[in-house]
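K.L.:
One structure, pasted below without further comment.
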Amino acid sequence: MKARFAAAGFAAMALLASNAAFALDELHKKYACTACHADERKLVGPAYMDVAKAYTNAKDPKYKGDRAKAVAYLSEKVRKGGSGVWGPVPMPPNATPTDAEIKKMVESILDMAKKAPAKK
């Protein structure tokens, strides 16, 4: 009986996790992030995976791998836009999403670093 409840619990957690991922994907689409960014390849802007790796394992003294600082910095970049960090094409400001939505999107991007294959 305990095994059934455990299996049901794991299934429920997997469903919730997939729903959360779907909701985040929907936020990226809703605010047109996917027009310039893709998960693993550069489009107009950098791949989300490249951003995740850069700011999760940051050697820049501003971040030193500090997730809270990286989230704050990237959230501000989403809100205000910017250029020069990933090349000459500017990222336009995006004032439409709420601060909470921006934070969720940025955190989901940084979480991609956990899925990156280890370098050999």
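K.L.:
Taking only pairs six or more apart or across chains, which ones have beta-carbon atoms under 6 Å, a first residue in region 78-99 that is closer than 18 Å to K30 by Cα, and a second residue that is charged (D, E, K, R)?
P.N.:
Filtered contacts from region 78-99: P93/K80.
K.L.:
Can you list residue pairs whose Cβ atoms sit under 7 Å apart, with the first residue in region 28-53 being closer than 17 Å to A113 by Cβ and touching a residue at least 40 places away in the same chain (Cβ under 8 Å) and the second being outside any helix (DSSP H, G or I) and among the charged types (D, E, K, R)? Count only pairs 6 or more apart in sequence or on different chains.
P.N.:
As it stands, the answer is Y48/D39; M49/D39; M49/E40, since those pairs meet every condition given.
Every number here is computed from the coordinates shown, using simple stated rules; none is lab data. Bear in mind that the values here come from a model prediction, so they are computed numbers and not experimental data. Backbone-built Cβ (ideal geometry, glycine too); neighbour counts: all protein chains shown.
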